[in-house]
1. Provide the FRET efficiency to the nearest 0.05 for the Asp273-His130 pair, computing r from the beta carbons and using R0 = 30 Å.
2. Cβ neighbours within 10 Å, averaged per peptide: list 236-245, 88-97 in order, most packed at the top.
3. Just grab the label-to-label distance for Ser83 and Thr301, each label 7 Å out from Cα along the Cβ direction, in nm (one decimal).
4. Can you list residues whose amide H is under 5 Å from Ile277's amide H, if they're 5+ apart or on another chain and H is modeled 1.01 Å from N?
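FYI, it's all coordinate maths here, none of it is from the lab. What you see is a predicted model; the values in this text were computed from it and never measured. Glycine also receives a Cβ, built like all others from the backbone with ideal geometry; neighbour counts cover every protein chain displayed.
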Amino acid sequence: MTIATTLATSGERRATVQTADGVALAVREYGPRDAALTVVLLHGHCLRGESWTFVRDELTRRHPTARIVSYDHRGHGDSAAASRRTYHLEQLGHDLRDVLDAVAPTGPVVLVGHSMGGMTVLTYISQRPHEIGTRVVGVGLVATAASGLADAGFGRLLRNPFIGLFQAAVRRAPRTMQRAKLLACKVFAPIVRAAEFGDRKVSPTVLALAKAMHNQTPIVTMASFLSAFMTYDQTDALPALSRIPTLVLCGSADLMTPPSHAVAIARAVDYSDLVMIDGAGHSVILEQPHRVADALARLLTRSGEPSTLRLALAA
């Protein structure tokens, strides 16, 4: 694992982290390098680190002493593509470990994931449970699930036989399917908008950003992760989160990961902060960034208490 760093815009540091299997991940850092607390923001399926832009800007304003890190998952955004066989959540948990080793090898961290990013956080927790309460001092799970993705909302589509046919077609003719994907993005744009943004009006800027992130994701990346969602189950990782401050946030109009998933997570985590944002959809971090930032600010305050930090740093 290696890391190369360059200076980008004011306040932003860009880095490339090589994973253990040689995949280059695009990483962005904000805030002081010697911060007492590092916050890692993980994006969802077919998105990229920039999906956190509005929330990140709010957090840097409210917590200027914290270091905030975001990165693009393998096969997403500016990160390199990898073998489709590595497009699963166990690998994303290992990738998170590589990013932390490179940019935040010591000190306490708060892990915050949206959708597939939240699933990555839970997978990482299951891989390294000893870090709960020592290295990992807070967790935020936004518009995500711990299991049963195919049991509710649009997730039921994962059980449709068409999904298997779609994945097989991508394996056989990825270039042809990529062209078809770009056309489908235009045809199904109204459905995607309804699924992601709930029942509130969303600014054209937000819609343009979301559309760009979806259109730029390779068809192989999109298709390959679907199998992982079918078998995903990290309910056993939830009780350990009772030892640290945990935020569970969801939009009431989320059709991708309906509120029932958030309620189930919160029920399994003692003293968790359950936040339901009325009318927001799956892209709640784009749709209602101020409300999300409010909840995350509370999480950082709880996670950054002196006693907690002393425990983490001592470990």
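1. Step by step, r from the Cβ atoms, then E = 0.80.
2. Those peptides, ordered most packed to least, come out 88-97, 236-245.
3. 4.8 nm
4. Here Cys250, Gly251, Ser252 satisfy the definition.
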